[in-house]
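Notes follow the structure.
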Amino acid sequence: MTGSVVDISVYGLVFRHRPVTSASPELVTASGEDLGKLCEDIAEQFGPGAQWCEVGHDLHTVTSGSVETRLRLQPETCTWHADFFDVGWLNEPFDAVPPEYRAEVAAYVDLARSLWQGLVRASALRQAAAEGGIPAVNRLVHGEFDRLDAWFAALDTLHTALQGAGEQPPPWAYRLVREELQWLNSAREWLLSASAEFCWGRSGPRPDTLFEGLRYIFTTGWVDLMRPTQPGPAARAFLDLIDARDDSCEKKRPDGLPAALQDA
């Protein structure tokens, strides 16, 4: 094993005239640390009669599971690296992704899941609070919001990439982005709650709805977390009018007054 790669080249596994030379530790662990069995499983998963698909330059199994086995082409060596892909292509909402968009979705999933899995855990916050009090917790949490910003930027990029020919994403893309936003929002809310708990002893209740709903604004539009489907043109036009009115009121506020008085 070298770093995050396990060498399996000795087993001589070949697919599409390219050797499978390495595997991820997670894949090896799932096989019970038996590299021979792992290679047999890979050969079966991508062998005759198996169901798999091309995603860019990579190959993914297509099963009913929540994760898939993937062969990733290594550009420097033209060999395969085997690992897990943390999405099942037959599970909602990913089952509706057209083949021509799977590469963009896969790139996002890889980045988003790595950011999610790397998010600070409660044990680290607890240790920081014990060793350095509130200042230590603040320092630790500050960097985590950079992680969430990177996650949102990746989702923003995906949202734009899935626009297609129209000005709005197709229904399948809207559902996918909305579900991913739920993950991101949950991570953010958890981080805020955990920070409050370790800094002040409690997190307290938080409002979660507005008149227009709870939404995220992207470069090319917005997604309402409270709606299971994308609002129709009439509803979006109505909400855009509300936005315009609010923006107009914001510009008319007199300078120099506290925000609380301006809103009174």
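Sorting 81, 17, 60 from the fewest to the most surrounding beta carbons within 10 angstrom yields 17, 81, 60. A simple rule links phi to the HN-Hα coupling: the Karplus curve 6.51 cos²θ - 1.76 cosθ + 1.60 with θ = phi - 60°, which for segment 81-98 gives 10, 9, 7, 8, 10, 7, 8, x, 5, 9, 9, 5, x, 6, 5, 8, 6, x Hz, with x for Gly and Pro.
Backbone geometry of segment 13-23 corresponds, through the Karplus equation with coefficients 6.51, -1.76 and 1.60 at θ = phi - 60°, to 3J(HN,Hα) couplings of 6, 10, 9, 6, 6, 10, x, 8, 9, 8, 9 Hz, x marking Gly and Pro.
Applying the Karplus relation 6.51 cos²θ - 1.76 cosθ + 1.60 with θ = phi - 60° to segment 114-129 yields 3J(HN,Hα) values of 5, 5, 5, 5, x, 4, 4, 9, 4, 4, 5, 5, 5, 5, 4, 5 Hz, where x marks Gly and Pro.
Hey, can you grab everything whose amide H is under 5 Å from the amide H of residue 55? Only 5+ residues off in sequence or another chain; H modelled, so Pro and N-termini drop out. Here 60 satisfy the definition. Amide H to amide H distances under 5 Å link residue 8 with 22, 23, where only residues 5 or more positions off or on other chains count and H is placed in the peptide plane. Sorting 178, 121 by the number of Cβ atoms found within 10 Å of their own Cβ, with the fewest placed first, yields 121, 178. Cβ crowding within 10 Å, taken as a proxy for footprinting-reagent exposure, orders 134, 217, 42 from fewest neighbours to most as 217, 134, 42. Taken over the alpha carbons of segment 126-178 as equal point scatterers, the Debye sum produces base-10 log I(q)/I(0) values at 0.14 Å⁻¹ of -0.54.
We did not get these values from a lab; they are worked out from the coordinates using the rules stated. Values in this document were obtained by computation on a predicted structure and should not be read as measured data. Backbone-built Cβ (ideal geometry, glycine too); neighbour counts: all protein chains shown.
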